[in-house]
1. Scan around Lys52 for amide H atoms under 5 Å from its own, H built in the peptide plane at 1.01 Å from N, and keep only partners 5 or more places away or cross-chain.
2. Considering the options Pro24, Asn14, Cys42, tell which one lies farthest towards the positive end of the dipole of the chain, charges being +1 on Lys and Arg and -1 on Asp and Glu at the Cβ, about the Cα centre.
3. For Asp44, enumerate residues with amide H under 5 Å from its amide H, sequence gap 5+ or separate chain, H modeled in the peptide plane.
4. Expressed as a whole percentage, what fraction of the accessible surface of the chain belongs to carbon and sulfur atoms when a 1.4 Å probe is rolled over the protein heavy atoms?
5. Can you compute the helix-only [θ] at 222 nm over the chain? Use -39500 (n - 2.57) per DSSP H run of at least 4 residues, normalise by all residues, nearest 500 deg cm²/dmol.
6. On full extension of the chain, what length is gained from Ala39 through Asn59, given 0.36 nm per residue of separation minus the C-alpha to C-alpha distance?
7. Expressed as a rounded percentage, what relative contact order does the chain have, with Cα pairs under 8 Å and six or more residues apart?
8. So, for the chain, what is the accessible surface per residue at a probe of 1.4 Å, expressed in square angstrom?
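The values are calculated or read from the model by the stated rules, or taken from the named source; none is laboratory data. Just so it is clear, the model here is predicted, and its values are computed rather than measured. Using ideal geometry, Cβ is built from the backbone for each residue, glycine included, and neighbour counts are taken over all protein chains shown. Ligands, DNA and RNA are excluded from the accessible area calculation, which covers all protein heavy atoms including side chains. Shrake-Rupley method; radii C 1.70, N 1.55, O 1.52, S 1.80 Å.
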Amino acid sequence: MERMIPIGFGNMVNAAKIIGVVKPEASPVRRMVQNAKDAERCLDATCGRKCKSVIVTENGYIVLSALLPETVAGRVNERVEQ
């Protein structure tokens, strides 16, 4: 069964597909986000708020979230332990 984790504002991501959660401040991460936007592989789940974490999925999609990376990682780990 696929486990969905909440990433804020009613949005969910499949926990099994996440390969990384990073902060968006670093230049390489910003370039990765811009490249994903250009390729239409970026999903913005911030609902107009400031992006605080970038979720990288195994199929090449990038998901932007307004939650801190520590919060998203905690939710992923919480689901794995169940």
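1. Ser65, Ala66, Leu67
2. Looking along the dipole axis, the top candidate is Pro24.
3. Long-range HN contacts for Asp44: Leu64.
4. Here it works out to 52 percent.
5. Helix contribution divided over all residues of the chain: -9500 deg cm²/dmol.
6. So the chain would gain 5.9 nm between Ala39 and Asn59.
7. Relative contact order comes out at 32 percent.
8. 64 Å²
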